[in-house]
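The values are calculated or read from the model by the stated rules, or taken from the named source; none is laboratory data. The structure displayed is predicted, hence computed values, not measured ones. Counting neighbours? That spans all protein chains shown, and the Cβs are built from the backbone with ideal geometry, glycine included. Accessible surface areas use protein heavy atoms only, side chains included; no ligands, DNA or RNA. Shrake-Rupley method; radii C 1.70, N 1.55, O 1.52, S 1.80 Å.
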Number of protein chains: 4
Amino acid sequence: MIDVINDLEFDGGEDLLVHALPMARQLAALKRRAEAAGIPVIYANDNFGRWRSDFPVLVDNCLTSDVRGRPIVELLVPDENDYFILKPKHSAFFQTNLELLLKNLGATRVILTGLAGDICVLFTANDAYIRDFRVIVPSDCIASESAENNRQVLILMARVLKAEVCLSTEIDFEM
Amino acid sequence: MIDVINDLEFDGGEDLLVHALPMARQLAALKRRAEAAGIPVIYANDNFGRWRSDFPVLVDNCLTSDVRGRPIVELLVPDENDYFILKPKHSAFFQTNLELLLKNLGATRVILTGLAGDICVLFTANDAYIRDFRVIVPSDCIASESAENNRQVLILMARVLKAEVCLSTEIDFEM
Amino acid sequence: MIDVINDLEFDGGEDLLVHALPMARQLAALKRRAEAAGIPVIYANDNFGRWRSDFPVLVDNCLTSDVRGRPIVELLVPDENDYFILKPKHSAFFQTNLELLLKNLGATRVILTGLAGDICVLFTANDAYIRDFRVIVPSDCIASESAENNRQVLILMARVLKAEVCLSTEIDFEM
Amino acid sequence: MIDVINDLEFDGGEDLLVHALPMARQLAALKRRAEAAGIPVIYANDNFGRWRSDFPVLVDNCLTSDVRGRPIVELLVPDENDYFILKPKHSAFFQTNLELLLKNLGATRVILTGLAGDICVLFTANDAYIRDFRVIVPSDCIASESAENNRQVLILMARVLKAEVCLSTEIDFEM
């Protein structure tokens, strides 16, 4: 779950919100199903240049102030069992311990979701693929500023990264 | 110059050749101008899974056998002063010394060219951008299997990576 | 400041405590002087395999329970302005954002302190040196399980990493 | 096999040669046994700042000129089946594809040999250990400028990296 803890207080944030809010509802449902199936949930979130912050503080900031991203964060509040990674740049793998965490969890596949589909999700998908993870992207669980850009990046990931693009409801955690 | 030493002997290689050959002519001219201006030229080339090979051998293989990529390699034969990097995966930064080489050269900008525009060039552009390099992509010096995919990846790099997309003739090495 | 937030509840922790407590007093004084001079202070701390924890929780755990490392943590409680990094392995550079943080801070030199001198400090010193940072190690601000091992690792770092080994009181932040 | 293709034309090279020559004889025997057992042999060699060179050229340079390291290189001439990696810095893992190559080979253990024991071998051993490789160091197949430093670094690697330190003749490739 990439950059979902996000105040969206930046240029284009309003456009992103339009697509991100319905996405967050789908993602909340997917997350509940993953947890029920015992699949680890990882928040990989930008530190937004606040190097001294920690993740719970980021969550609190979005929940207690009147920021644009608040309704999304309310839908996706982390649980005690969730993992989190503060990423300093676009890719969740760059200068973070995500690779090691996935190795420790024994993961060979990653389901990538969140914001923005054509930026941080794409960067992270590239880095997952290059590290030999199988990439799955539920098309209704990523959002970009424009629906057209979102559509194109899904096609790109399917073609170049051999990503499995599907609806979140089609993901079967039991298999 | 990404993956230009390439036999193109793979599925889709024929489609790629159609676009890669005119690209190689532009690139050869750009390379001559870069060398004249004292700008270092780096070949970042796939090792194609041949871990024991070295770069001169790859070049020779493409020049002495009747492979699809031969006319391209003939246009772009490396000079003694060129640098080369054998990359094991799509991005020229992944598990190579490119970052260190660029640091040693004092580079802050990289001009990315080569094949395939929507795969290895895109991966490398992402990794350059995340490492704070300014990315320049001459649109006539990258090629993809389809012209439409090439066009879209240029738009994506301009938008997401703030890449400067231009014609190779517009690049002014004297500035 | 490496692994100073540490319960020391492991084999050899008792031996380490003997050397770590006087070290912590010196380090607390050095930290105060660094802060007064505006030098950023970074805690690079093991996550001790608790991937879901954050740093403030680690600090609290050490302060509120009767663990071996508590007197050290009490001397070295982080301030609001300090940076922290949770490292998953020995080196503070491995799968963390330390390199990027130091780049953002404009650092070219690092003063390495903490525990254990011959393990995590050594690993981190290696990785700092290989990344072209100048390494400074105040001999009274690192501690190992045995004084002899600590002495030898200081000699090794001076010889191999060209580390500047000195007393903490000799470090002049004003220069 | 770390930095064995080496002209030894640097300060201290003469001291290193004294220990490196008998080491090379042991290593040549170990290499033959490894090859007979089908164990891949990897040369991880410094590029000595010559970014444009390739490995065969480095070998030739040492064989055809009257350099200090020549007798060592003659004992350890690479075979066609050997792998090689040009490393830009001390550790064979830093900005190289060694990790990926070992992954491709399915390796979980590495036998580290070569020069200098207390510098490049140590750096590489650290990086192997942190990446969860089991480290084996035949004590008669590494050499440092001083025998005492060599002895101490073996003790350090055994203690800190849990390296298996043994004689090369004790390594059983059949197990």
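For the condition touching a His at 6+ places or on another chain (Cβ under 9 Å) and not small (Gly, Ala, Ser), what is the one hit in D:ASP54, D:ASP46?
Values: D:ASP54 fails: touching a His at 6+ places or on another chain (Cβ under 9 Å).
Exactly one of D:ASP54, D:ASP46 is touching a His at 6+ places or on another chain (Cβ under 9 Å) and not small (Gly, Ala, Ser), namely D:ASP46.
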Over the range A:30-59, the set of residues of a type outside the set (Lys, Arg) and part of a loop (DSSP other than H, G, I, E, B) is A:ALA37, A:GLY38, A:ILE39, A:PRO40, A:VAL41, A:ASN47, A:PHE48, A:GLY49, A:TRP51, A:SER53, A:ASP54
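Conditions (1) open to solvent by less than 40 Å² (accessible area, probe 1.4 Å); (2) in a helix (DSSP H, G or I), marked per residue:
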site: A:LEU21; (1), (2): no, yes
site: A:ALA24; (1), (2): yes, yes
site: A:ASN61; (1), (2): no, yes
site: A:ARG68; (1), (2): no, no
site: A:ILE85; (1), (2): yes, no
When you look at D:ASP7, is it of a type in the set (Asp, Glu), crowded, with 17+ Cβ neighbours inside 10 Å and outside any strand (DSSP E or B), yes or no? yes
Every residue from the range B:61-85 that is under 14 Å from the mean Cα position of the chain (by Cα) and either within 14 Å of chain D (Cβ to nearest Cβ) or β-branched (Val, Ile, Thr) (or both): B:ILE72, B:VAL73, B:VAL77, B:PRO78, B:ASP82, B:TYR83, B:PHE84, B:ILE85
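Among the residues of the range C:86-98, are any among the hydroxyl-bearing types (Ser, Thr, Tyr), within 14 Å of chain A (Cβ to nearest Cβ), over 18 Å from A:ASP54 (Cβ atoms) and within 15 Å of the chain's Cα centre (by Cα)? Reasoning before the result, please.
Restricting attention to the range C:86-98, the residues satisfying the condition of being among the hydroxyl-bearing types (Ser, Thr, Tyr) are C:91, C:96.
Checking which are within 14 Å of chain A (Cβ to nearest Cβ) leaves us with C:91, C:96.
Remaining after also requiring over 18 Å from A:ASP54 (Cβ atoms): C:91.
Adding the requirement that they be within 15 Å of the chain's Cα centre (by Cα) leaves C:91.
Yes, because at least one residue in the range C:86-98 is among the hydroxyl-bearing types (Ser, Thr, Tyr), within 14 Å of chain A (Cβ to nearest Cβ), over 18 Å from A:ASP54 (Cβ atoms) and within 15 Å of the chain's Cα centre (by Cα).
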If only one of C:ALA29, C:ALA24 is touching a Leu at 6+ places or on another chain (Cβ under 6 Å) and more than 12 Å from chain A (Cβ to nearest Cβ), which one is it? C:ALA24
Filtered residues of the range A:26-59 (kept if open to solvent by 50 Å² or more (accessible area, probe 1.4 Å) and closer than 24 Å to A:ALA147 by Cβ): A:GLN26
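Looking at the range D:70-83, which of its residues are of a type in the set (Val, Ile, Thr) and either open to solvent by less than 40 Å² (accessible area, probe 1.4 Å) or in contact with a strand residue (DSSP E or B) (Cβ under 7 Å, 6 or more places away or on another chain) (or both)?
Initial filter on the range D:70-83 (of a type in the set (Val, Ile, Thr)): D:72-73, D:77.
Within the range D:70-83, D:ILE72, D:VAL73 meet the criteria.
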Pairs please, first residue from the range B:53-66 and over 19 Å from D:GLU80 (Cβ atoms), second anywhere and assigned to a helix (DSSP H, G or I) and open to solvent by 40 Å² or more (accessible area, probe 1.4 Å), Cβ atoms under 6 Å, 6+ apart in sequence or on different chains. B:CYS62/B:ARG70
Criterion: among the charged types (D, E, K, R), without any contact (Cβ under 8 Å) to a residue 40 or more places away in the chain and surrounded by 20 or more Cβ atoms within 10 Å (Cβ to Cβ) - qualifying residue of B:ASP127, B:ASP132: B:ASP127
Going through the range C:99-150 in order, the residues found to be of a type in the set (Gly, Ala, Ser) and away from chain A (no Cβ under 14 Å) are C:GLY114, C:ALA116, C:GLY117, C:ALA125, C:ALA128, C:SER139, C:ALA143, C:SER144, C:SER146, C:ALA147
Boolean, B:LYS103 is open to solvent by 30 Å² or more (accessible area, probe 1.4 Å) and in a loop (DSSP other than H, G, I, E, B): no
Looking only at the range D:159-175, filter to residues that are open to solvent by 40 Å² or more (accessible area, probe 1.4 Å) and either under 30 Å from A:ASN104 (Cβ atoms) or charged (D, E, K, R) (or both); which one of those is nearest to the other protein chains (Cβ to nearest Cβ)? D:ARG159
Evaluation of A:THR108 against (1) touching a strand residue (DSSP E or B) at 6+ places or on another chain (Cβ under 7 Å); (2) buried (at least 16 other Cβ atoms within 10 Å of the Cβ); (3) not charged (D, E, K, R) (one fails), failing number: (2)
Within the range B:135-157, track down each residue that is open to solvent by 40 Å² or more (accessible area, probe 1.4 Å), in a helix (DSSP H, G or I) and not β-branched (Val, Ile, Thr). B:ALA147, B:GLU148, B:ARG151, B:GLN152
Only residues that are buried (at least 23 other Cβ atoms within 10 Å of the Cβ) and in a helix (DSSP H, G or I): list them for the range C:87-100, please. C:LEU98
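Have a look at D:PRO71, D:PRO88 and point out the one that is modelled with pLDDT under 95 and closer than 25 Å to C:LEU156 by Cα. Lay out the reasoning, then the answer.
Details: D:PRO71 fails: closer than 25 Å to C:LEU156 by Cα.
Of D:PRO71, D:PRO88, the one residue that is modelled with pLDDT under 95 and closer than 25 Å to C:LEU156 by Cα is D:PRO88.
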